[in-house]
Structure formats: C-alpha cells, structure tokens
1. Looking at N410, N404, can you tell me which residue is of a type in the set (S, T, N, Q), at negative phi, at pLDDT 85 or above and open to solvent by 20 Å² or more (accessible area, probe 1.4 Å)?
2. Would you tally the residues in segment 364-381 being open to solvent by 20 Å² or more (accessible area, probe 1.4 Å) and touching a helix residue (DSSP H, G or I) at 6+ places or on another chain (Cβ under 7 Å)?
3. Considering only residues that are of a type in the set (S, T, Y) and in contact (Cβ under 8 Å) with a residue 60 or more places away in the chain, which ones fall in segment 310-356?
4. Within segment 144-164, can one find any residue that is open to solvent by less than 40 Å² (accessible area, probe 1.4 Å), of a type in the set (D, E) and under 25 Å from the mean Cα position of the chain (by Cα)?
5. Note down all Cβ pairs under 6 Å where the first residue falls in segment 277-290 and is closer than 18 Å to L438 by Cα, the second is crowded, with 16+ Cβ neighbours inside 10 Å and of a type in the set (K, R), and they're at least six residues apart or on different chains.
6. Restricting attention to segment 135-184, which residues are without any contact (Cβ under 8 Å) to a residue 40 or more places away in the chain, closer than 27 Å to T70 by Cβ and among the aliphatic types (A, V, I, L, M)?
7. Suppose we filter V53, V124 for residues that are open to solvent by less than 60 Å² (accessible area, probe 1.4 Å) and either in contact with a His (Cβ under 9 Å, 6 or more places away or on another chain) or of a type in the set (G, A, S) (or both); which single one remains?
8. What tally of residues in segment 189-218 results from selecting those that are closer than 30 Å to R246 by Cα and touching a strand residue (DSSP E or B) at 6+ places or on another chain (Cβ under 9 Å)?
Amino acid sequence: MVWCSFGTMNCIINLDPLPMRGPELGVQPDDIEAPDIEHEPKQEVLENKNVVVQRVHIDGLGRTKDDVLTYEIAEVFQAKNLIDVMRRSHEARQKLLRLGIFRKVEVVIDTSRGEHALPNGLDVTFEVTELRRMTGSYNTMVGNNEGSMVLGLKLPNVLGRAEKMTFQFSYGTKETSYGLSFFKPQPGNFERNISLNVYKVTGQFPWSSLRETDRGVSGELSFPVWKTNQTLKWEGVWRELGCLARTASFAVREESGHSLKSSLSHSMVIDTRNSSILPRKGALMKIHQELAGYTGGDASFLKEDFEIQLNKTLFWDSVLSASLWGGLLLPIGDKPTNIADRFYLGGPTSIRGFSMYSMGPQSEGDYLGGEGYWAGGLHLYTPLPFRPGKGGFGDLFRTHFFLNAGNLCNLNYGEGPQAHLKKLAECIRWSYGVGVVLRLGNIARLELNYCIPMGVQSGDRICDGFQFGAGIRFL
C-alpha cells in the first residue's frame, strides 16, 4: 500500500512491510538481529514502477464550480510513476492556490479501491478549504517617495469560477483614491484574464503647484505571448486640474480646468529578475504605448516610453546593475500637450541629487514636465563592510555606489529625429554618490544616499548631500 499526503510539503511513503524476524517472549532487545534492509531496491520500485491515476477527487467544494478546476488538475492523469504523481499533484496544488479562492489545499495519494480498481491504480484526493465569501484587509503601502494607508474589501470567487471583486480605499501623503474592480481569469489559463475598474483619484503635486482629480473607468485584457506578458487597455478619464496654492504660476493656471481623455494603450513586459525590489540577476524590458483622441475626448497624443534593466552578480557577493529609461510624447493636431500627460524627472527614485520631479521646463518655480526624456543609471551593490548580521537581518542591507544621468525637455517635432536627439544630448544632468539600501521584503526599498549633483541647469532644484528615498521603482 502507498499513502502520501502533502499540504505543507511533508510526505510519508509506506511500502509493504518486509518479513520480520523476532522478537519473541523472553528475548532481550540486544539479542535481536536487525533485518537487512535493501534501500536501493525500494527506491527502484518507488521511482520506476508504472502506475495509473484512476480517479481524482476534490473534497470541500462549496460555491466553486467543478469545470474551472478540471483544467488545473488535468495533468495529474498523465503521471506514469509514483514520483511523477507526486510532482504533478504538487504542481496542481500550486495552480489551485494561485486561483486565490482557497485558503488551504492538501493532497492525499492512495491506492485505488473498489470493483474496478487496478493493481497499480492510484486515487488522488485534493482536500480544499474555500475562502470566506467576504474578506477585509488593512495595510500600508510605499510608493515613489510617499506612503499610504490602504483599506480593502474583497469578494473572492464571487461567481464560482475564480472571479474576484475588490473595493479599495487608499489615503496617502500625496494621493487619496478609492475604486471598485472586477477580475476574471480564463479557465485553464490564469495569466489570460480581464479586469474592469471604476475609480476616483485625487493627487497633489507640490513641484507643479497642481491638484488633480481623476474620475475614470477602464478595461484591461492581459495575456502571455512566448516569454512576454502583454496588456491591452482602454481608459476613459474625466480630469479636473486646479492650483494647489495661490502662488501658482500663470502657466499652471492656464492648464487648470476640466478635460476628458479616452485612450488605448498596450504594454509588453519581459522580466527574468529574481526580485523586482533589489535583484541580483536577470533582466527587465518594459515597453508602453498610449494613443489618445481616436476614441473620443479632447486630449490627442501618442506617448511611448520604455524601461530596460540588466543585473549581474560579481565577486564577493556584489551586484552590478545598469538601467535605462526613455520616452516621447507626440501631440496630435494643433492642441498642445496637457501638463498631466507629460514626463517628469528627478528625485531619489530617478536622478538622485535633484529634488523630486524638479528639473526641466519650469515657470516661476513650478515644473511643467517635458515631452521627451531619457535617464540612465549604473549601480554597484555590495554587502555592508565587515558583514554585520550576516545570515540574518544584516542581509537586508546593501552598500550602494551609483552614477545617474539624464535629461528632460520639450521638443519641436517639426525639426526631425536628429534635432530631437541633439536636444536630449544637451545640458545633461548627472550625479554620483554612495549610500545604504534597505530591502523591505518584496514590497519596497529604502535608500539613504550621499549625493553630489553635477550638470545643474538654471531652475533645477538640487539636494546636495544626504537624500532619503522610498519606493518600488528606482533607476
């Protein structure tokens, strides 16, 4: 008989007992000869004996429909031996947990019983515990140099096929938002899914003396293609712009008012990094395009931006990382681009040594963003000197040497590509320095750097010396 159970990856395998010799009454333990156990033949039988998975049971289902689970467990029937059954059952368990509808999934593998049982037949049983119909959450989030408190209400498996409805309220230092979203994966292909969102976001941008309130709806279709993750999105947003202070410049006051943006966008991501927060190896490539104006609204533009990152582990547990960002915003028609659609650069998460989003075109101290930008970074991460706390808390810290450079400007699109490149290559801002990085799990990271800004242009705000940064996306 074979019996195997793993929910926490603990597995017990009992084979038919070997013939025993003794003990009998009156025989002392020291007099008993230990049986000769041949481990290799047992291992041979365990790994190579052909088996047939006759039945797969799922116990504990309530509101979940059977058909959505059939795709996740189908490969268990293809197993040829016991080790293969265990492997495929574990993979199926991971797929069931990934659906986000079960709190616990355990697997029991037993020999088949009953009238039609084969001598080498096995039954696999998944014992599941469904999530409650409604769950709540409270947590904090770290954005790019801002923090927020998040309250959430979730209805998992709302229609019985891994759908999810979520309401979320977020209150932050610069942004307050709430929204309702509906998520539905394709049965048998969790990476292929759709989501619908309704939201309201109010943000403050002190570098531009601007307040923005967005009320919008969006729909997304996500799907994998080869090694990439693709997303198609439509978004309709009613935007309300206002001045954050009475001292706002005339250029910002001109941008104030209401506008409607309807846009189609596409993004492609290839990510082989071992961590998105502080990777040691792997690469990232992200390309995003947005086209506004052809589906309605009064904003018309084509926006392209990309992000590339390469990471390589070196000697002495050090890591060399290189990053490159870039983007262009092309207005369509005679209407100029909106301040809310332009690019911004500078701060502890991009060009260190400069204040947050405080470089490039500006008017009376208010930064207006640019239509073209690029930014590059070269980083060397090493362990802390003398390795304090090695193997524990100290491994969350890394010493950080960096060199950043970039530029942000407006472009005259009648001059041609060569003129654009020339303008982006002029007046390059750059900085270098050293600091300490703290990784907060896979959520965010903190940096405390000593920065020396160079190539400072008129109107730029700098942070010469120590600069603190917190976020999830760093150059």
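1. Numbers: N404 fails: open to solvent by 20 Å² or more (accessible area, probe 1.4 Å).
N410 is the lone residue from the list that is of a type in the set (S, T, N, Q), at negative phi, at pLDDT 85 or above and open to solvent by 20 Å² or more (accessible area, probe 1.4 Å).
2. Result for segment 364-381: 2.
3. First, the residues of segment 310-356 that are of a type in the set (S, T, Y): 313, 318, 321, 323, 337, 344, 349-350, 355.
Residues satisfying the conditions are S318, S321, S323, Y344, T349, S350, S355.
4. Applying the first criterion (open to solvent by less than 40 Å² (accessible area, probe 1.4 Å)) to segment 144-164 yields 147-148, 150, 152, 156-157, 160, 162-163.
Imposing the further condition that a residue be of a type in the set (D, E) reduces the set to 163.
Of the ones still in play, those that are also under 25 Å from the mean Cα position of the chain (by Cα) are 163.
Scanning segment 144-164, I find at least one residue that is open to solvent by less than 40 Å² (accessible area, probe 1.4 Å), of a type in the set (D, E) and under 25 Å from the mean Cα position of the chain (by Cα), so the answer is yes.
5. Once the first residue is closer than 18 Å to L438 by Cα and sits in segment 277-290, its partners that are crowded, with 16+ Cβ neighbours inside 10 Å and of a type in the set (K, R) give I277/R439; I277/R445; L278/R439; L278/R445; P279/R273.
6. Across segment 135-184, the qualifying residues are L155, V158, L159, M165.
7. V124
8. Of segment 189-218, the ones closer than 30 Å to R246 by Cα are 199-216.
When the remaining residues are screened for being touching a strand residue (DSSP E or B) at 6+ places or on another chain (Cβ under 9 Å), the result is 199-205, 207-216.
Number of matching residues: 17.
The values are calculated or read from the model by the stated rules, or taken from the named source; none is laboratory data. Note that the structure is a prediction, hence the values are computed from the model and not measured. In this analysis, Cβ positions are derived from the backbone assuming ideal geometry, glycine residues included, and neighbour counts consider all displayed protein chains. The accessibility values were calculated without ligands, DNA or RNA, using every heavy atom of the protein model including side chains. Shrake-Rupley method; radii C 1.70, N 1.55, O 1.52, S 1.80 Å.
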